[in-house]
Amino acid sequence: MADETEKPEFWEKSFTEKQEMWGFNPAGSAVLTKDFFLTHEVENILIPGIGYGRNAQIFRDNGIAVTGIEISKTAIELARKHYGPEMTIYHGSVTNMPFDKTLYDGIFCYALIHLLDSNERAKLIRDCYNH
Ligand SMILES: C[S@@+](CC[C@H](N)C(=O)[O-])C[C@H]1O[C@@H](n2cnc3c(N)ncnc32)[C@H](O)[C@@H]1O
């Protein structure tokens, strides 16, 4: 991916063509993190780069409220279709965080940071820390 302006198109094209391309099972990391969060009585989390929500549901099923950030409108529509309209998902780039002023109990971020350049990565980590 060459620059910031090309990224939304890349992900829009990917989700339009391939839809739920990683299936509906959560990543192993989401299963492990859910246990960790429950141990620490986490009640609400933020998921930057939430995709179509496959990693969100395991947290929600365990009583943890999830807010997402996602650059692809199509992925957000897929998340709404499969997991309902209640979850807040901000449409935009994590490079424009913060989208709200909430202090979340936890952050779960999976398969996103490697897509950013070094300045964007540093900003994402700072923004997550501030949340
Ligand atoms: C490799 S996918 C992982 C999706 C999800 N975390 C999962 O595991 O199912 C990366 C996700 O991040 C989103 N994304 C990529 N760059 C983004 C950005 N700058 N801001 C917000 N979301 C972004 C993509 O649209 C895609 O949904």
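The values are calculated or read from the model by the stated rules, or taken from the named source; none is laboratory data. Computed from a predicted model, the values in this text were never measured in an experiment. So basically every Cβ, Gly included, is an ideal-geometry build from the backbone, and we count neighbours across all protein chains shown. Only protein heavy atoms, including side chains, enter the accessible area calculation; ligands, DNA and RNA are left aside. Shrake-Rupley method; radii C 1.70, N 1.55, O 1.52, S 1.80 Å.
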Within the stretch 40-77, GluC sites (Glu not before Pro) in DSSP loop having at most 14 other beta-carbon neighbours inside 10 Å: 41, 43
Debye log10 I(q)/I(0) at q = 0.16, 0.18 Å⁻¹ for the stretch 4-130, Cα point scatterers: -0.77, -0.99
Distance violations [Cα-Cα > 24 Å] among 18/81; 13/101; 7/73; 13/123; 7/34: 13/101; 13/123; 7/34
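Quick one: dipole size for the stretch 1-64, taken about the Cα centre, charges +1 on Lys/Arg Cβ and -1 on Asp/Glu Cβ, in debye to the nearest 20.
Details: 6 positive and 11 negative charges, 48 e Å.
Computed about the Cα centre, the dipole is about 240 debye.
Could you size up the charge dipole of the chain around its Cα centre, putting +1 on the beta carbon of Lys and Arg and -1 on that of Asp and Glu, and report it in debye to the nearest 20? Please report the intermediate quantities before stating the final value.
Working: 13 positive and 19 negative charges, 24 e Å.
For the chain, the charge dipole is close to 120 debye.
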Farthest toward positive dipole pole in the chain [+1 Lys/Arg, -1 Asp/Glu at C-beta], among 30, 102, 114: 30
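Where does each of 58, 64 land when they are ordered by accessible area, with a 1.4 Å probe and the largest first?
On the way: 58 30, 64 5 Å².
Highest to lowest solvent-accessible surface, that is 58, 64.
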The chain, helix-only ellipticity at 222 nm - DSSP H runs n ≥ 4, -39,500 (n - 2.57), divided by all residues, nearest 500: -12000 deg cm²/dmol
FRET efficiency, 1/(1 + (r/R0)^6) with R0 41 Å, evaluated for residue 118 and residue 65 via beta carbons: 0.80
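Between the DSSP loop rule and a limit of at most 12 other Cβ atoms within 10 Å, which trypsin sites (Lys or Arg not before Pro) in the stretch 68-106 are left? Write out the running numbers ahead of the final one.
Working: sites: 73, 80, 81, 101; in loops: 101.
The qualifying sites are 101.
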